[in-house]
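For reference, the structure is listed below as structure tokens.
The values are calculated or read from the model by the stated rules, or taken from the named source; none is laboratory data. Please read these numbers as outputs of a predicted model, since none were measured by experiment. All Cβ positions, even for glycine, are placed from backbone atoms using ideal geometry, and neighbour counts span all protein chains on display. For the accessible areas, the whole protein counts, side chains as well, though only heavy atoms, and no ligand, DNA or RNA atoms are used. Shrake-Rupley method; radii C 1.70, N 1.55, O 1.52, S 1.80 Å.
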Amino acid sequence: MPLILASTSIYRRELLDRLSLPYQALPHRVDERQEAPAGGSPEEIALHLAVAKAKSLADGTAHVLASDQLV
């Protein structure tokens, strides 16, 4: 099953390139300002956004790798 990186971040692409895994980088379809839950801890918000990003590209034909970070 193919791998999709739910990000166009150069840094995240470089991390996967180090593993020599074939993948396709695609922009996720999440408006992070609208999707972030109010009142959650930083960890809860990052997890929620990462899951939402993965789900935005999931169609059952590939594994989707997504992440989020809060600064």
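Using a Förster distance of 22 Å, how high is the FRET efficiency between residue 51 and residue 31, based on the Cβ-Cβ distance and rounded to 0.05? Each step should come with its number before you reach the end.
Details: r = 15 Å, r/R0 = 0.67.
Plugging the Cβ-Cβ distance into 1/(1 + (r/R0)^6) gives 0.90.
Enumerate the amide H contacts of residue 65 below 5 Å, restricted to partners 5 or more residues apart or on another chain; note that Pro and chain-start residues carry no placed amide H.
Result for residue 65 returns 4, 5, 6.
Computing the accessible area with a 1.4 Å probe over protein heavy atoms, can you report the carbon and sulfur percentage for the chain?
Solvent-exposed carbon and sulfur of the chain make up 55 percent of the total.
So for 48, 28, 63, what's the accessible-area order with a 1.4 Å probe, most first? Provide the component values of the computation, followed by the final result.
Details: 48 70, 28 50, 63 110 Å².
Ranked list, largest accessible area first: 63, 48, 28.
Using each residue's phi in region 51-62, evaluate 6.51 cos²θ - 1.76 cosθ + 1.60 at θ = phi - 60° and report the 3J(HN,Hα) Karplus result to the nearest Hz, with x for Gly and Pro.
Each residue's phi maps through the Karplus curve to give 5, 4, 5, 5, 5, 5, 10, 6, 9, x, 9, 8 Hz.
For the chain, what's the relative contact order in percent, using C-alpha pairs closer than 8 Å and at least 6 residues apart?
42
Kindly provide the trypsin sites (Lys or Arg not before Pro) of the chain that DSSP labels as loop, not H, G, I, E or B, and whose Cβ sees at most 12 other Cβ atoms within 10 Å.
Counting only loop positions with at most 12 other Cβ atoms within 10 Å, the trypsin sites (Lys or Arg not before Pro) in the chain are 29.
Per residue, how much accessible surface does the chain expose to a 1.4 Å probe? Answer in Å², no decimals.
Computed with neighbouring chains in place, this is 71 Å² per residue.
How large is Rg/Rh for the chain, to two decimals, with Cα atoms and a Kirkwood Rh?
Using only Cα positions, Rg/Rh for the chain is 0.99.
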